[in-house]
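The values are calculated or read from the model by the stated rules, or taken from the named source; none is laboratory data. Computed from a prediction, not measured in an experiment: that's the story for all the values here. We place every Cβ from the backbone using ideal geometry, glycine too, and count neighbours over all the protein chains shown.
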């Protein structure tokens, strides 16, 4: 009679282990799909899909050009730099789990964002809402760099918080209804927070502070510069 009980216990442990493994890979997938470096491109997408005057004054060709430039500057360059730092032994993994590992990649990312913002705003006459979105992303990265000197704030929630702040600021400035978009973004924010906790990469405080910082960077810029 003991053998079946033992087998049931082993089966139960195996099922629990499988669930934990599935939860881990789900959290990992969420972290990759909603990577913070994609936040500026996502912000542009929301701007061009809210049916405002921006859709009419910026032709599709220029919209595509903006997507490409922003994607290269805010995603491709930082990722390639991180890979190079990994190859050179400056970081132990692309996840950069420690404060020390994050300093140099964050500094390079802040430089890329600053140069990209300067290049776009000095060479192209961008509408004010788009300039604010890009400036907010730039300030968020610099803030993450400064905070990360001593403390590991969640940049994943900085990114999604920035999108939420951008949506509210954009809605307030142009008087457009973004309720559905905002609900979706907040649900994604919840998923990201769960993922970062599940992976044990951040504490709840680091997640909440990151979201608040990203939100305020975008929302306050729209409030005072819009």
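Exactly one residue out of 179, 146, 187 is closer than 22 Å to residue 95 by Cα and surrounded by fewer than 19 Cβ atoms within 10 Å (Cβ to Cβ): that is 146.
In a helix (DSSP H, G or I) and at pLDDT 95 or above, is that true of residue 191? So residue 191 passes the test.
Of the helices (runs of 4 or more DSSP H) contained entirely in the stretch 51-115, those carrying at least 3 residues that are modelled with pLDDT of 90 or more, under 30 Å from residue 128 (Cα atoms) and touching a helix residue (DSSP H, G or I) at 6+ places or on another chain (Cβ under 8 Å) fall at 60-71, 77-87. Among all residues of the stretch 101-109, there is at least one that is surrounded by 13 or more Cβ atoms within 10 Å (Cβ to Cβ), over 21 Å from residue 196 (Cβ atoms), out of contact with any strand residue (DSSP E or B) (no Cβ under 7 Å at 6 or more places or on another chain) and touching a residue at least 24 places away in the same chain (Cβ under 8 Å). Might you check whether a residue that is free of Cβ contacts under 8 Å to residues at least 24 places away in the same chain, assigned to a helix (DSSP H, G or I) and within 23 Å of residue 75 (Cβ to Cβ) occurs anywhere in the stretch 146-166? The answer is yes; a qualifying residue exists. If the condition is being under 15 Å from the mean Cα position of the chain (by Cα) and surrounded by fewer than 24 Cβ atoms within 10 Å (Cβ to Cβ), then the stretch 154-176 contributes only 164.
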